Amino acid sequence: MKLIVDDLNDEKRLDLYLAEYFANLSRSRLQAEIKNGNVLVNSKTVKSSYLIKSGDSIDININDNNEIIIKPENILLDIVYEDTNMLVVNKPSGMLTHPTNLEQSGTLVNALLYKYGNDLSDLNGEFRRGILHRLDRNTSGLLMVVKNNDAHEFLVEKMKNREITKKYYAIVKGVIDEDEFTINEPIGRNIKYPQKMCVTPDGKESISEIKVLKRFSDATFIEVHLVTGRTHQIRVHLSYIGHPVYNDTLYGFGKMKIKTEEQVLQSYYLSFPKPFTNEMITVEIEKDDKIKKILAYYLNLVSKKS
């Protein structure tokens, strides 16, 4: 079994990373397997505490008779682009991108396995078959899926070279004064709260370009261009400048008048090179229900005042 580490797992301990794929094995068993040389990182033996890095190649030779099998499920997919090597899916809010130790059903990967079977890249392992990048459970919108390993490697290289453009809609707390600006602050894992990320001097370069689309009395509708793609980047950056994403309770959003299913954040625009060609593909979708709901509320307030 071979895995290629993505940005989402950058700086994670090797034994904790493996625990995602071998949920039935204890951490001590995994540590023993690593110590015995049954796990190699970039063809070398390492310690269990090794912090894996984006792009690391991990070769695994572990016998697990109780390995969790991810089952295909007949879940409707909203496919907005497809060719012989890849597709772009509009993921709904509330859906996990891929299974975890605690949840192995109802995810995008379960749906992809039903429609495409084994015709999906496996460079990120069985739990993440076909997944090139991830959206958080409650972030909706466009997500690229790859059908084979060659296309996966092609697009990973394009992402590293910043040849793929990702834009998001977000509604944030408070009024942002500047029309356009850039947040360039390094992001790393929060030591006190491992499920969170944070701005930290020893983090990885993280750049978000912000453009204000509409201001309201106590909220702002913005577009975010992700120059880099760190875990929770938009949510961390906006919280850091004092404008957390609407209803994002993980990153400090307090109570507001309108309830939604967590953060009001949508990946609405993608531009990328079609695998193995020079053709650029651009995909754009309309605002999702959460965005529309909150915009309608504020626009209604504006019309009443006028």
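The values are calculated or read from the model by the stated rules, or taken from the named source; none is laboratory data. All values derive from a computational prediction rather than experimental measurement. Using ideal geometry, Cβ is built from the backbone for each residue, glycine included, and neighbour counts are taken over all protein chains shown. Only protein heavy atoms, including side chains, enter the accessible area calculation; ligands, DNA and RNA are left aside. Shrake-Rupley method; radii C 1.70, N 1.55, O 1.52, S 1.80 Å.
Of everything in the stretch 284-301, what is of a type in the set (A, V, I, L, M, F, W, C) and buried (at least 17 other Cβ atoms within 10 Å of the Cβ)? Give them in sequence order. So that I can check it myself, show each step before the final result.
In the first step, residues of the stretch 284-301 are kept if they are of a type in the set (A, V, I, L, M, F, W, C); the result is 285, 291, 294-296, 299, 301.
Result: 285, 291, 294, 295.
So, in the stretch 241-257, of the ones that are among the hydroxyl-bearing types (Ser, Thr, Tyr) and surrounded by fewer than 22 Cβ atoms within 10 Å (Cβ to Cβ), which residue ends up farthest from residue 54 (Cα to Cα)?
Filtering the stretch 241-257 down to residues among the hydroxyl-bearing types (Ser, Thr, Tyr) leaves 246, 249, 251.
Among the residues that remain, those that are also surrounded by fewer than 22 Cβ atoms within 10 Å (Cβ to Cβ) are: 249, 251.
Working: 249: 28, 251: 24 Å.
That would be 249.
When you scan the stretch 134-148, how many residues do you find that are in contact (Cβ under 8 Å) with a residue 60 or more places away in the chain and either open to solvent by less than 20 Å² (accessible area, probe 1.4 Å) or assigned to a helix (DSSP H, G or I) (or both)? I'd like the intermediate steps shown before the answer.
Kept after step one, since they are in contact (Cβ under 8 Å) with a residue 60 or more places away in the chain, are these residues of the stretch 134-148: 134-144, 146-148.
In the following step, the residues that additionally are either open to solvent by less than 20 Å² (accessible area, probe 1.4 Å) or assigned to a helix (DSSP H, G or I) (or both) were identified as 135, 139-144, 146.
Total satisfying the criteria: 8.
Just the residues that are open to solvent by 50 Å² or more (accessible area, probe 1.4 Å) and either without any contact (Cβ under 8 Å) to a residue 12 or more places away in the chain or not small (Gly, Ala, Ser) (or both), please, taken from the stretch 41-58.
Quick first cut of the stretch 41-58, residues open to solvent by 50 Å² or more (accessible area, probe 1.4 Å) only: 42-45, 47, 49-51, 53.
42, 44, 45, 47, 50, 51, 53 - these are the residues of the stretch 41-58 that are open to solvent by 50 Å² or more (accessible area, probe 1.4 Å) and either without any contact (Cβ under 8 Å) to a residue 12 or more places away in the chain or not small (Gly, Ala, Ser) (or both).
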Looking at (1) out of contact with any Ser or Thr (no Cβ under 8 Å at 6 or more places or on another chain); (2) modelled with pLDDT of 90 or more; (3) of a type in the set (Ser, Thr, Tyr), which is the only condition residue 193 fails? (2)
Output the number of the condition that residue 191 fails; it satisfies all remaining conditions of (1) surrounded by 13 or more Cβ atoms within 10 Å (Cβ to Cβ); (2) more than 24 Å from residue 272 (Cα to Cα); (3) aliphatic (A, V, I, L, M). (1)
List pairs: first in the stretch 286-300 and more than 14 Å from residue 266 (Cα to Cα), second surrounded by 14 or more Cβ atoms within 10 Å (Cβ to Cβ), Cβ under 6 Å, 6+ apart or cross-chain? 297/258; 298/216
Across the stretch 205-221, the tally of residues that are over 28 Å from residue 10 (Cα atoms), buried (at least 16 other Cβ atoms within 10 Å of the Cβ) and of a type in the set (A, V, I, L, M, F, W, C) stands at 4
Any residue at all in the stretch 258-275 that's β-branched (Val, Ile, Thr), touching a Ser or Thr at 6+ places or on another chain (Cβ under 9 Å) and open to solvent by 60 Å² or more (accessible area, probe 1.4 Å)? no
Going residue by residue through the stretch 271-282, is there one that turns out to be part of a helix (DSSP H, G or I) and hydrophobic (A, V, I, L, M, F, W, C)? no
Out of 151, 170, report the one residue that is more than 23 Å from residue 222 (Cβ to Cβ), among the aliphatic types (A, V, I, L, M) and open to solvent by less than 80 Å² (accessible area, probe 1.4 Å). 151
Just the residues that are under 20 Å from residue 134 (Cβ atoms), in a loop (DSSP other than H, G, I, E, B) and not aliphatic (A, V, I, L, M), please, taken from the stretch 248-270. 248, 261, 262, 263
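Just a yes or no: is a residue in the stretch 74-84 over 30 Å from residue 233 (Cα atoms), surrounded by fewer than 14 Cβ atoms within 10 Å (Cβ to Cβ) and among the charged types (D, E, K, R)?
Let us first name the residues in the stretch 74-84 that are over 30 Å from residue 233 (Cα atoms), namely 74, 84.
Next, from what is left, pick out any that are surrounded by fewer than 14 Cβ atoms within 10 Å (Cβ to Cβ): 74, 84.
If we keep only those that are among the charged types (D, E, K, R) too, we end up with none.
No, every residue in the stretch 74-84 fails to be over 30 Å from residue 233 (Cα atoms), surrounded by fewer than 14 Cβ atoms within 10 Å (Cβ to Cβ) and among the charged types (D, E, K, R).
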Open to solvent by less than 50 Å² (accessible area, probe 1.4 Å), of a type in the set (A, V, I, L, M), out of contact with any helix residue (DSSP H, G or I) (no Cβ under 9 Å at 6 or more places or on another chain) and under 15 Å from residue 173 (Cβ atoms) - does that describe any residue in the stretch 231-240? yes
By my count, strands (runs of 3 or more DSSP E) wholly in the stretch 31-121 with at least 3 residues that are modelled with pLDDT of 95 or more and within 25 Å of residue 267 (Cα to Cα) are 79-82, 86-91
Residues that are closer than 27 Å to residue 150 by Cα and either surrounded by fewer than 13 Cβ atoms within 10 Å (Cβ to Cβ) or in contact (Cβ under 8 Å) with a residue 40 or more places away in the chain (or both): does the stretch 21-39 have at least one? yes
